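Enquirer: This structure is in structure tokens; I'll ask about it shortly.
The values are calculated or read from the model by the stated rules, or taken from the named source; none is laboratory data. Every value quoted in this text rests on a predicted model; they were computed, and no experiment measured them. Glycine gets a Cβ as well: all are built from the backbone with ideal geometry, and neighbour counts include every protein chain shown.
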Amino acid sequence: MKHQVFLTAACVTLLLAVCPMAVSSDPPRSMGSPTTQTNLTIELGKGITMEFVLIRPGTFMMGSNESTGEKRAHKATITKPFYLGKYEVTQEQWQAVMGDNHKSYFKGEKNPVERVSWEYCQSFVKTLGEKVPGYAFRLPTEAEWEYACRAGSTNEYCYGDNEEELGQYAWYGKNSGGKTHPVGEKKPNAWGLYDMHGNVTEWCQDQYLSNNWHRGGSFECMAMFCRSAKHGTARPATCSDANGLRMVVAAN
Ligand SMILES: [Ca+2]
């Protein structure tokens, strides 16, 4: 099938490397004030929301020396707090923001949106910002993504090193049945983030040469490609049923 071509390509890449909208939070805050709440909920209309978890600044060891194709382990510092999507962006969220029919291969309102290029994701970011003014939306940087994925861990995966336990946290090649699954069905990491490993890989903001990084591996990948430190690149116009996104909101 065509999607299998995409899947293979994505893993090879990894190897190489409209309703009014409102915002609610607990408690309401004004922009520029010290961040105190740990959760943020963006209302997209028709009962559809997007949930975020506060990620506080800190220093961590980014990358790994255990495998090729990823950055060598080095100290990295996240200097500003940010909110990261609790889940991958779903198809119903994309529809609520963009008002169009996305091209996701695996259909399901709660399934992650996919076949969205990095460029298309930039349009999503821009449109979401216009519809929910006062909040700075963007994709995560690679460092932010890995920091949040690790959630304080220094292991291969967010929970430890045992590959056999990955299925408790991720939809990946061994248990996915070759398709995406509704977000949030597996265990979250220690900071309450779901599907950081697997389901769909997640575009990051950073560019490398003329490509963009993506993180976390997908439903098609072997466990090693879902590791916290693993990253892959793809052209910004690439649309793959293995690629999705997770949003960031600035919190400072
Ligand atoms: Ca994911």
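Enquirer: Is it true that some residue in segment 206-216 is part of a loop (DSSP other than H, G, I, E, B) and within 13 Å of the ligand (Cβ to nearest atom)?
Expert: Yes, because at least one residue in segment 206-216 is part of a loop (DSSP other than H, G, I, E, B) and within 13 Å of the ligand (Cβ to nearest atom).
Enquirer: A further question follows. So which of Glu130, Glu156, Glu92 is touching an Asp or Glu at 6+ places or on another chain (Cβ under 9 Å), under 18 Å from Ile42 (Cβ atoms) and away from the ligand (no atom under 14 Å from the Cβ)?
Expert: Result: Glu92 is the single residue among Glu130, Glu156, Glu92 that is touching an Asp or Glu at 6+ places or on another chain (Cβ under 9 Å), under 18 Å from Ile42 (Cβ atoms) and away from the ligand (no atom under 14 Å from the Cβ).
Enquirer: Run His74 past the list (1) under 26 Å from Arg227 (Cβ atoms); (2) surrounded by 15 or more Cβ atoms within 10 Å (Cβ to Cβ) and report the number of the one that doesn't hold.
Expert: (2)
Enquirer: Starting from segment 186-201, keep only residues that are modelled with pLDDT under 95, then list their pairs with residues that are within 8 Å of the ligand (Cβ to nearest atom) whose Cβ atoms are within a distance under 8 Å, requiring at least 6 positions of separation or different chains.
Expert: Close Cβ pairs satisfying both conditions: none exist.
Enquirer: From the list Glu165, Glu156, Glu185, pick out the single residue that is charged (D, E, K, R) and in contact with a Ser or Thr (Cβ under 7 Å, 6 or more places away or on another chain).
Expert: It is Glu156.
Enquirer: Here is a follow-up. Collect the residues in segment 108-131 that are closer than 12 Å to Met247 by Cα and among the polar types (S, T, N, Q), keeping them in residue-number order.
Expert: If the condition is that a residue be closer than 12 Å to Met247 by Cα and among the polar types (S, T, N, Q), then Gln122 is the only one that fits.
Enquirer: Restricting to segment 175-195, name every residue that is within 13 Å of the ligand (Cβ to nearest atom), among the hydrophobic types (A, V, I, L, M, F, W, C) and out of contact with any Phe, Trp or Tyr (no Cβ under 6 Å at 6 or more places or on another chain).
Expert: Taking segment 175-195 first, the residues within 13 Å of the ligand (Cβ to nearest atom) are 176, 180-186, 188-189, 193-195.
Keeping just the survivors that are among the hydrophobic types (A, V, I, L, M, F, W, C) gives 183, 193.
Passing the criteria: only Leu193.
Enquirer: Name, by its number, the condition in (1) in contact with a strand residue (DSSP E or B) (Cβ under 8 Å, 6 or more places away or on another chain); (2) within 11 Å of the ligand (Cβ to nearest atom) that does not hold for Gly198.
Expert: (1)
Enquirer: Follow-up question, since we're still on this one. Is it the case that some residue within segment 228-235 is away from the ligand (no atom under 13 Å from the Cβ), farther than 20 Å from Lys126 by Cβ and among the hydrophobic types (A, V, I, L, M, F, W, C)?
Expert: yes
Enquirer: In addition: Within segment 22-41, does at least one residue satisfy the condition of being at pLDDT below 90, of a type in the set (A, V, I, L, M) and either part of a strand (DSSP E or B) or buried (at least 16 other Cβ atoms within 10 Å of the Cβ) (or both)?
Expert: yes
Enquirer: Looking only at segment 131-184, count how many residues are among the hydrophobic types (A, V, I, L, M, F, W, C), crowded, with 17+ Cβ neighbours inside 10 Å and assigned to a loop (DSSP other than H, G, I, E, B).
Expert: 7
Enquirer: Here are some residues: Gln91, Gln122. Which one is of a type in the set (S, T, N, Q) and touching a His at 6+ places or on another chain (Cβ under 8 Å)? It would help to see each step written out before you state the result.
Expert: Details: Gln122 fails: touching a His at 6+ places or on another chain (Cβ under 8 Å).
Criteria check complete, one pass: Gln91.
Enquirer: Moving on. Answer yes or no as to whether Ala143 is at pLDDT 95 or above, in contact with a Gly (Cβ under 7 Å, 6 or more places away or on another chain), more than 12 Å from the ligand (Cβ to nearest atom) and small (Gly, Ala, Ser).
Expert: no
Enquirer: A further question on this structure: Looking at the structure I just gave you, is Ser218 surrounded by fewer than 22 Cβ atoms within 10 Å (Cβ to Cβ), of a type in the set (Ser, Thr, Tyr) and at pLDDT 95 or above? Let's see the steps before the verdict.
Expert: Working: surrounded by fewer than 22 Cβ atoms within 10 Å (Cβ to Cβ): no; of a type in the set (Ser, Thr, Tyr): yes; at pLDDT 95 or above: yes.
For Ser218, the condition - surrounded by fewer than 22 Cβ atoms within 10 Å (Cβ to Cβ), of a type in the set (Ser, Thr, Tyr) and at pLDDT 95 or above - is not met.
Enquirer: Next up: Quick check on my filter: what residues within segment 78-129 are under 22 Å from Lys187 (Cα atoms) and in a loop (DSSP other than H, G, I, E, B)?
Expert: The answer is Lys86, Tyr87, Glu88, Val89, Phe106, Gly108, Glu109, Lys110, Asn111, Val113, Glu114.
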